[in-house]
Amino acid sequence: MSNGLLKGKRGIIFGALDENSIAWKVAERVYEEGGRFVLTNAPIALRMGAINQLSEKCEAPLIPADATNNEDLNNLFIESVDKLGGKLDFVLHSIGMSPNVRKNKHYTDLNHEWYHKTLDVSAMSFHRVLTAAWKNDSMNDWGSMLALTYIAAQRVFPDYNDMADAKSMLESIARSFGYHYGKEKKVRVNTISQSPTPTTAGKGVKGFDQFIAYADQISPMGNADATACADYCVAMFSDLTRYITMQNLFHDGGFSSTGVSAEVLDKM
């Protein structure tokens, strides 16, 4: 049910690949709430995914951009402001990729060239996005910029590998850039730490099925699904959260505050 929370607001959504993507669910919910936006992803991802269907469904222009390329991002923000008819109110960064995870490299034996790629795609890209928006003065006052993260930034999940380091960096970027964006331009910057979610990327992590079941049993309310995460993103894009910035916001059914649950103890 729509409440018109984002009526008249404009933005960019990074990272929708298919209907399993959290960014896909966010796009659908933003559209339902009256928001207009540009969809973007790397050119190769656009060829592999089904994003054209989402573009048609949400009446959203589609602009290819490599989030590790500053020129692409500058052009993306300039074109988005032009196509949407004004400055932006929200941006979602939902980007993550690790060649080491894909190639099953153990954390103690990483390929360090691939490690650089992980950090660039999954974390530095957020700094690049924020920089492009800043330099092009693309955001309206009280705008909201979000990135999706995971609790492996604070706790060890061995098979999450170098993506844990990337998420730690991502959250630090949100705090550091959030200070400057709030001070100078009244734009808020946050990360949302989501429950393990069966996205295309998430399912590539070793032992994912077992871990998602474990997290569901630890969390008092169970795992938050992608649609619930999309609802949270809508709230964070809305005017109801104008003074929340520089925060890492756990959206995980209570997992982050629970040491152990009765269900897990019963299995021991």
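The values are calculated or read from the model by the stated rules, or taken from the named source; none is laboratory data. As the structure is a computational prediction, the values presented were derived from the model and not from experiment. Don't worry about glycine lacking a Cβ; one is built from the backbone with ideal geometry, like all the others, and counts go over all protein chains shown.
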Within the set of pairs 6+ apart or on separate chains, which have a first residue in the range 218-233 that is within 15 Å of residue 21 (Cα to Cα) and without any contact (Cβ under 8 Å) to a residue 60 or more places away in the chain, a second that is assigned to a loop (DSSP other than H, G, I, E, B) and of a type outside the set (Asp, Glu), and C-beta atoms under 7 Å apart? 224/195; 224/253; 225/197
Any chance the range 99-108 includes a residue that's over 19 Å from residue 135 (Cα atoms), surrounded by 19 or more Cβ atoms within 10 Å (Cβ to Cβ), under 18 Å from the mean Cα position of the chain (by Cα) and at pLDDT 95 or above? no
Determine whether the range 183-192 contains at least one residue that is without any contact (Cβ under 8 Å) to a residue 24 or more places away in the chain and of a type outside the set (Gly, Ala, Ser). yes
Could you give me the residue pairs with C-beta distances under 9 Å whose first residue belongs to the range 140-164 and is under 30 Å from residue 10 (Cβ atoms), whose second residue is acidic (Asp, Glu) and in a strand (DSSP E or B) wherever it lies, and which are 6+ apart or on separate chains? 140/89; 142/89; 143/89; 144/89
Filter the range 154-181 down to residues that are assigned to a loop (DSSP other than H, G, I, E, B) and of a type in the set (Lys, Arg), then give me how many there are. 1
Starting from the range 248-264, take each residue that is at pLDDT 95 or above and list its partners that are among the acidic types (Asp, Glu), counting only C-beta distances under 6 angstrom and pairs at least six apart or across chains. 248/171
Inside the range 30-46, can you point out the residues that are surrounded by fewer than 24 Cβ atoms within 10 Å (Cβ to Cβ) and touching a residue at least 40 places away in the same chain (Cβ under 8 Å)? 33, 36
Considering each of 78, 44, 95 in turn, give the residue that is closer than 23 Å to residue 127 by Cα and assigned to a loop (DSSP other than H, G, I, E, B). 95
When you check residue 183 against the structure, is it modelled with pLDDT under 95 and either exposed (fewer than 15 other Cβ atoms within 10 Å of the Cβ) or in contact with a Cys (Cβ under 6 Å, 6 or more places away or on another chain) (or both), yes or no? no
